[in-house]
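The values are calculated or read from the model by the stated rules, or taken from the named source; none is laboratory data. Just so it is clear, the model here is predicted, and its values are computed rather than measured. Here Cβ is always computed from backbone atoms with ideal geometry, including for glycine, and neighbour counts include all displayed protein chains. Just the protein is used for accessible areas: all its heavy atoms, side chains included, with ligands, DNA and RNA removed. Shrake-Rupley method; radii C 1.70, N 1.55, O 1.52, S 1.80 Å.
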Amino acid sequence: MKKYELRDTAVTLLSRIGDQGGYSHLLLDKTIQTKGFDSRDTALLTEIVYGTLSYKLTLEYFLRQFVNKKLENWARWLLLSAFYQMYVLDRVPDHAVIHESVEIAKQRGHKGIASLVNAVLRNVQRKGFPNLDNIQDPAERISLETSHPKWLVERWISQYGEKTAREMCAVNQVEKPISVRVQPMLTTRETAMEELASQGFTVRASAINPQGIIIEKGNILKSDLFLSNQVTVQDQTSMLAGQMVDAAPGMTVLDACSAPGGKTTHVAETMENEGKLFAYDLHAKKAKQVSQKAEKLKLTIIEANQADARHLQETHAPETFDRILLDAPCSGLGVLRGKPDIKYHKSEQDVLSLASIQAELLHDVAPLLKVGGKLVYSTCTVDKAENEQVVQSFLAEHPNYEVDPAFQHELPQAVQDAPGLSSNGLQIFPQDFDTDGFFLVRLVRKA
């Protein structure tokens with residue numbers, strides 16, 4: 001590896017993601033493969049990139065206290081990434097961060113910018129970072145402490161109160177553990193856990209899903225179980241959606257917005273690969289991903305195709321399906337722990353626009369459900385407009401549907417006392433079970 005290549009690569013990635021709108025996980029994965037970094041360097045690169053993005057608003061506030069001139073984009077990201085390492089990463093000595101940052105500035109720029117980087121970082125080392133405790137406005141303080149846009153913090157405070165909003169923002173800055181779902185036709189959870197433990201992994205059983213395993217230590221992506229498709233990576237909350245569809249062998253089931261296929265394949269597993277599962281996605285390429293995932297997991301009952309879920313009545317007759325899963329496109333504000341750049345690219349108007357689309361989707365797929373059938377509506381967000389309010393509006397306009405009376409009682413015991421459980425569904429906050437934020441409810445069609 002070339003001298004200073006790791007941190008220089010981090011600056012390049014941050015500029016492409018932060019200024020050009022690139023997808024963080026795709027760019028990072030591609031860069032790691034291209035550069036051939038070892039596991040230790042990969043971990044540090046990932047930490048710097050995701051950490052700097054996670055704390056971007058906080059770091060930019062700090063930068064304004066030390067620099068009062070416009071910087072080139074690469075120089076700004078160089079300083080922000082250096083700030084992150086000095087502010088958060090205890091294991092990286094300040095002198096090493098300063099030295100490498102100055103050398104990178106010399107390589108990328110000129111003597112003047114290198115001198116500026118050196119002066120700024122030495123000043124930070126000497127004075128320390130500004131104290132945020134003196135900020136009086138609670139929303140602004142939470143915003144800067146946890147690097148969440150102020151409009152979002154204010155929205156969450158108005159919906160859930162300051163305590164819940166603060167906890168949610170704080171946990172979004174902490175990496176969550178990876179969880180996997182076993183393919184029950186290929187192995188059992190107990191067997192998989194024993195095998196992983198024998199290979200040096202530290203694991204525990206999920207309390208939310210009987211197929212779930214939480215990986216506390218070890219790279220599951222390099223395990224034999226993952227490479228042989230006996231386990232697949234999926235957040236515990238996402239598993240809960242597939243579980244609560246309550247599909248049984250022989251049923252006819254619809255997954256209306258299926259890509260990338262985690263929930264689709266989970267439902268097929270609960271059906272023991274017997275019956276028929278129609279899976280659709282708006283984009284043909286993504287529908288193909290669902291088919292590929294099903295093939296890897298040896299699931300043959302899934303038929304995946306491209307379609308707009310709002311037009312499925314043109315393809316399927318009314319009352320065709322025993323079960324429907326509508327995992328609606330959403331703002332993604334529940335998955336900020338894994339995709340921190342999302343929060344900087346969303347607006348309040350985006351949330352409201354998505355809520356309108358979600359309402360359309362629910363209205364248009366509902367007639368496809370049989371009388372007595374069950375429909376799960378879910379999102380990976382934590383906003384009431386996209387969740388409870390969509391459900392309330394739908395039920396007000398469709399009196400022949402109701403929240404399934406058995407829904408709350410059939411939830412896993414671990415989530416039956418969740419603070420976000422209400423008559424309109426289950427809102428899981430990321431701090432509740434160390435997972436993604438998620439919402440789901442199960443509706444039933446009455447006679």
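Across the stretch 348-361, coupling constants 3J(HN,Hα) worked out from phi with the 6.51/-1.76/1.60 Karplus curve, θ = phi - 60°, read 4, 5, 4, 4, 5, 5, 5, 4, 5, 5, 4, 5, 4, 4 Hz, and Gly and Pro carry x.
Between Val203, Val245, Val267, the Gaussian network model of the chain with springs among Cα atoms under 10 angstrom shows the greatest mean-square fluctuation at Val203. Taking every DSSP helix (H) stretch of at least 4 residues in the chain, weighting each as -39,500 (n - 2.57) and dividing the sum by the residue count yields a mean residue ellipticity at 222 nm of -14500 deg cm²/dmol. Give me the angle, in degrees from 0 to 90, between the Cα long axis of helix 284-296 and the longest principal axis of the Cα atoms of the chain, rounded to the nearest 10. Helix 284-296 sits at roughly 80 degrees to that axis. Of all lysines in the structure, the ones whose alpha carbon falls short of 21 Å from that of Lys346, not counting any fewer than 8 places away in one chain, are Lys56, Lys150, Lys384. Tell me which residues come under 5 Å, amide H to amide H, from Tyr401 once H is placed; ignore anything under 5 positions away on its chain. So Tyr401 has HN proximity to Lys446. I need the shape label for the stretch 1-114. Rule: rounded when a/c is under 1.5, else prolate if a/b > b/c, else oblate, with a, b, c from the alpha carbon gyration tensor. Rounded is the answer for the stretch 1-114, as its axis ratio a/c remains below 1.5.
Taking only protein heavy atoms and a 1.4 Å probe, the accessible area of the chain is 48% carbon and sulfur.
Here's how it looks for Gly373: its modeled amide H is under 5 Å from those of Arg445, which are all 5 or more places away or on a different chain. Remark: spin-label model distance His283-Ala414 equals 3.2 nm, labels positioned 7 Å along the Cα→Cβ axis. Rounded to the nearest 0.05, the FRET efficiency derived from the C-beta distance between Asn118 and Glu5 at R0 = 25 Å is 0.80.
The overall shape of the stretch 306-447, judged from the alpha-carbon gyration tensor, is oblate: a/c is not under 1.5, and a/b is no greater than b/c. Annotation: Val371 carries an accessible surface of approximately 80 Å², with a 1.4 Å probe and no ligand, DNA or RNA atoms counted. Applying 1/(1 + (r/R0)^6) with R0 = 45 Å to the Cβ-Cβ distance of Gln33 and Glu194, what FRET efficiency is obtained, to the nearest 0.05? E(calc), rounded to 0.05, equals 0.90.
For the options Ala366, Ala284, Ala165, a Gaussian network treatment of the chain with springs between C-alpha atoms closer than 10 Å singles out Ala284 as fluctuating the most.
Taking amide H as placed 1.01 Å from N in the peptide plane, the amide H of Gly22 sits under 5 Å from that of Ile17, each at least 5 places away or on another chain. The GNM of the chain, with springs linking C-alpha atoms under 10 angstrom apart, assigns the highest mean-square fluctuation among Gly22, Gly112, Gly338 to Gly112. Rolling a 1.4 Å probe over the protein chains gives Glu162 an accessible area of about 80 Å².
Compared with the dominant Cα axis of the chain, that is its longest principal axis, helix 94-108 is turned about 90°. Compute the label zone of Gln389 within the stretch 132-161: residues whose backbone N is under 17 Å from the point 7 Å along Cα-to-Cβ. It comes to 151-161, nothing else. Residue ranking by accessible heavy-atom surface, 1.4 Å probe, largest first, among Trp151, Trp156, Trp74 comes out as Trp151, Trp74, Trp156.
Ranking Lys163, Lys286 from most to least accessible surface, computed with a 1.4 Å probe over the protein chains only, gives Lys163, Lys286. Placing R0 at 45 angstrom, the Cβ-Cβ distance between Glu360 and Gln125 gives a FRET efficiency of 0.25 after rounding to 0.05.
Taking a ≥ b ≥ c as the square roots of the eigenvalues of the alpha carbon gyration tensor, the stretch 10-59 is oblate, as a/c is not under 1.5 and a/b does not beat b/c.
DSSP bridge analysis restricted to the chain gives an antiparallel fraction near 60%, rounded to the nearest 5. Heavy atoms of the protein chains alone define the surface here; on that basis the stretch 1-65 has 51 Å² accessible area per residue at 1.4 Å probe size. At the residue level, Asp432 shows approximately 50 square angstrom of accessible surface with a 1.4 angstrom probe and all protein chains present.
Its relative contact order, with pairs defined as Cα atoms under 8 Å and 6+ residues apart, puts the stretch 1-133 at 26 percent.
Per-residue Karplus couplings for the stretch 318-325, computed as 6.51 cos²θ - 1.76 cosθ + 1.60 with θ equal to phi - 60°, are listed in order as x, 6, 7, 10, 6, 9, 9, 10 Hz, Gly and Pro entered as x.
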